[in-house]
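For reference, the structure is listed below as structure tokens.
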Amino acid sequence: MSDATDATMPIEDYLAQGGQLTSPGNVPPRYRGELLRLMASFVDSELAASAGFADTINDAPGITARIAACRITLEKADHAGRVLDLMGDFGADEGRYATQAPWADRLPRDAALGQARHGSDMRLAVFHYPIEGWVDAVVMNVLQGLAAAVTLDELSRVSYAPLADVFRAIAPREKRHTDLGVTGLTDLAATEEGRAAARASVAYWRPRVADSFGAMNSARFETQKRFGLRHRPNEALLADWTASVRATLAPLGLD
């Protein structure tokens, strides 16, 4: 807690009133567990996303698209590193973390994970599905990027102040990744063949990205809300993403 906090105030009351924690020494055990879970999910998802986009660089149709894919690959790994630095404050082995899971591994295209985690890491289920070619990479980047915007808006108010600062710094760069994707998607939608391929990819990725928002009426959300780690329920975030997707895809004839 901050120095100005009433030491007799229960931690959940303090956090429910918008209070923030600023260092590992202030963090009680249950809060620590939820915080580390949240950070690990973000780090693992960014590492898996970076690895996935790295495989698409050679599919890029031109130098501008290749540079965009390289930038996304680099910056997602950097974002993972920024949050991993905070996990190191809690004792995470930063040196081994990046090699502890096969981040580029993917399941078969027709795997049905729903909202379930899979394997030994904490990545969102959507990052277990393979990207097949450039059109698929562009569509996945746009849909997942719009989801990231909604999620980072939520997490930028997380009650662990150093993490909130990192998420606020990351958000504009993640938006730039989405903007790059929208540019690529606009180019694809300019031709009948490109629109057809993009529509097929949207049909594949849309439900899988939607699943990344988690279960509705989530008991975990209620726990995270008590600790100030979340503020809005999964269904509200999903609704915002759904509206954002429609607003992005409809002008391109892809909704």
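The values are calculated or read from the model by the stated rules, or taken from the named source; none is laboratory data. Since this is a predicted model, take the numbers as computed values, not measurements. Every residue, glycine among them, receives a Cβ derived from its backbone with ideal geometry; neighbour counts consider all protein chains shown. The area values use the complete protein model at the heavy-atom level, side chains included, leaving out ligands, DNA and RNA. Shrake-Rupley method; radii C 1.70, N 1.55, O 1.52, S 1.80 Å.
Surface composition of the chain: carbon plus sulfur atoms hold 54% of the accessible area, using a 1.4 angstrom probe and ignoring ligands, DNA and RNA.
For the chain, the longest principal axis of the C-alpha atoms and the axis of helix 161-188 are separated by about 10°.
Net charge dipole, the stretch 1-115: roughly 380 debye, given to the nearest 20, about the Cα centre with Cβ charges of +1 for Lys and Arg and -1 for Asp and Glu. Expressed in Å, the radius of gyration and Dmax of the Cα atoms of the stretch 5-135 are 18.3, 62. Taking all Cα pairs closer than 8 Å and separated by 6 or more residues, the relative contact order of the chain comes to 23 percent.
Taking the Cα centre of the stretch 53-146 as reference, the dipole from Cβ charges on Lys and Arg (+1) and Asp and Glu (-1) amounts to some 140 debye.
Other residues lying with their Cβ under 15 Å from the Cβ of residue 203 contribute a combined charge of +1, Lys and Arg counting +1, Asp and Glu -1. Placing unit charges on the Cβ atoms only, positive for Lys and Arg and negative for Asp and Glu, gives the chain a dipole magnitude near 240 debye about its Cα centre.
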